[in-house]
C-alpha cells in the first residue's frame, strides 16, 4: 500500500471544501449557535474495505484546526454495518461544515478499495496481479490509485508521461505514416521505432488483438503485451506461444477488456501476469457512511 502525500491531498481538500462551502454554511449559521460544541461519530452503513482515513482527518482539520479527530480504524481494514470509523469533537458548526466533503472522500475511496479487494481475493493463488487503468474521475486519479493499492491492487501507468502504451490508434497512425498495411509488420516496426525514440528506463507495452499480432510482438520483446478483448482459450494459446519462445518472465502478458468479477476466474488460471480492470475506478459504487452528532447540553 502506498502512502498519500499530505501537501498534495491538502490542495485537493481545499478545493473540495471551497466547492461545497463557498461563502459559508447558511443553514448552520441560521439555526446553530456559533459557540455550541458537539461530539460526532462516523458510522459505516455497509460492509467494505476502508480507505481515506487521512482524507477525512485532514478535511476536518482544514475546516477548523481545533476539532479533535480520533480514528478508530485504519486504511485496509474490513468494515461491517455500524462499524464506528472515527470520533470528532468540537464546534458543531465546523463539524457539519466538513461532514459532506469528508464522507464523499471516504465513500468514494472505500468503494474503490472494496472492489479491488474483491477481485484480488478472487484470483488469489493464481499469481496474477490486479492493475488499475487511466479510467479515473478527472482530478481524482491520485486518490483513486491510492485506494486501489489499499485494496491490494497495483497501479498501471500514472499518466501519458511514465510508460509507453501503443494502442490501436497509434498503430493506425504509424502504419499510415510509414505506408505499412500489414498489422504484424506495423507492430514489429513500431516497437523498433519506439525503442530508439524513448528513454531506456521507460517501459514499452503494446496492445494486440490476434495471435498473429501477439507472435509479431513477441519477436520484438517489449516489456508488456496487452492481450486485448481475447477470449480465455486464445489467451491460453498466447501463453503457450510465449513459453515455446522461452520468453516467460521477460515479456509480461496483460489481459484487458471487459474483465469483471463474473468472468475473471476464467482468465486467472491461463498463465498471464496482469489483469487490468478499468471498472475499479470508473464505476462509481460508493460505500455508504453517515455522521451522527450528539449536541452537548
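The number of residues in region 57-83 being under 23 Å from residue 24 (Cβ atoms), surrounded by fewer than 23 Cβ atoms within 10 Å (Cβ to Cβ), under 24 Å from the mean Cα position of the chain (by Cα) and touching a residue at least 40 places away in the same chain (Cβ under 8 Å) comes to 1. When region 136-170 is limited to residues that are in contact with a strand residue (DSSP E or B) (Cβ under 8 Å, 6 or more places away or on another chain) and part of a helix (DSSP H, G or I), the one that is nearest to residue 279 (Cα to Cα) turns out to be 148. Given the criteria touching a helix residue (DSSP H, G or I) at 6+ places or on another chain (Cβ under 8 Å), surrounded by fewer than 15 Cβ atoms within 10 Å (Cβ to Cβ) and closer than 30 Å to residue 1 by Cα, does residue 159 qualify? Spelling it out, residue 159 is indeed touching a helix residue (DSSP H, G or I) at 6+ places or on another chain (Cβ under 8 Å), surrounded by fewer than 15 Cβ atoms within 10 Å (Cβ to Cβ) and closer than 30 Å to residue 1 by Cα. Considering only region 84-119, how many residues are out of contact with any strand residue (DSSP E or B) (no Cβ under 8 Å at 6 or more places or on another chain), surrounded by fewer than 23 Cβ atoms within 10 Å (Cβ to Cβ) and without any contact (Cβ under 8 Å) to a residue 60 or more places away in the chain? Of the residues in that region, 1 qualify. Being in contact with a helix residue (DSSP H, G or I) (Cβ under 6 Å, 6 or more places away or on another chain) and outside any helix (DSSP H, G or I) is not true of residue 202.
Within region 275-297, the residues that satisfy the criterion of being surrounded by fewer than 19 Cβ atoms within 10 Å (Cβ to Cβ) and within 24 Å of residue 150 (Cα to Cα) are 278, 279, 282, 283, 284, 285, 286, 288, 290. The residues of region 171-183 that are in a helix (DSSP H, G or I), in contact with a helix residue (DSSP H, G or I) (Cβ under 8 Å, 6 or more places away or on another chain) and surrounded by fewer than 17 Cβ atoms within 10 Å (Cβ to Cβ) amount to a single one, 178. Each residue in region 262-284 was checked for being closer than 24 Å to residue 236 by Cβ, touching a helix residue (DSSP H, G or I) at 6+ places or on another chain (Cβ under 6 Å) and in a helix (DSSP H, G or I), and 4 pass. Scanning region 205-214 for residues being surrounded by fewer than 19 Cβ atoms within 10 Å (Cβ to Cβ) and either in contact with a strand residue (DSSP E or B) (Cβ under 9 Å, 6 or more places away or on another chain) or assigned to a loop (DSSP other than H, G, I, E, B) (or both) gives a total of 2. For region 217-256, a residue qualifies if it is surrounded by fewer than 16 Cβ atoms within 10 Å (Cβ to Cβ) and in a loop (DSSP other than H, G, I, E, B), and the qualifying residues are 221, 223, 229, 231, 245, 246, 248, 249, 250. Only one of the listed residues (259, 287) is part of a loop (DSSP other than H, G, I, E, B), in contact with a helix residue (DSSP H, G or I) (Cβ under 6 Å, 6 or more places away or on another chain) and either under 30 Å from residue 37 (Cβ atoms) or in the same structural domain as residue 224 (by TED's automatic domain parsing) (or both). That residue is 287. Among the conditions (1) in contact with a helix residue (DSSP H, G or I) (Cβ under 6 Å, 6 or more places away or on another chain); (2) surrounded by fewer than 16 Cβ atoms within 10 Å (Cβ to Cβ), the only one that residue 187 does not satisfy is (2). Looking across region 28-44, the residues that are outside any strand (DSSP E or B) and touching a residue at least 60 places away in the same chain (Cβ under 8 Å) come down to 28, 29, 32, 36. Every condition in (1) part of a loop (DSSP other than H, G, I, E, B); (2) surrounded by fewer than 18 Cβ atoms within 10 Å (Cβ to Cβ); (3) within 20 Å of the chain's Cα centre (by Cα) is met by residue 133 except one, and the failing one is (2).
The values are calculated or read from the model by the stated rules, or taken from the named source; none is laboratory data. Note that the structure is a prediction, hence the values are computed from the model and not measured. So basically every Cβ, Gly included, is an ideal-geometry build from the backbone, and we count neighbours across all protein chains shown.
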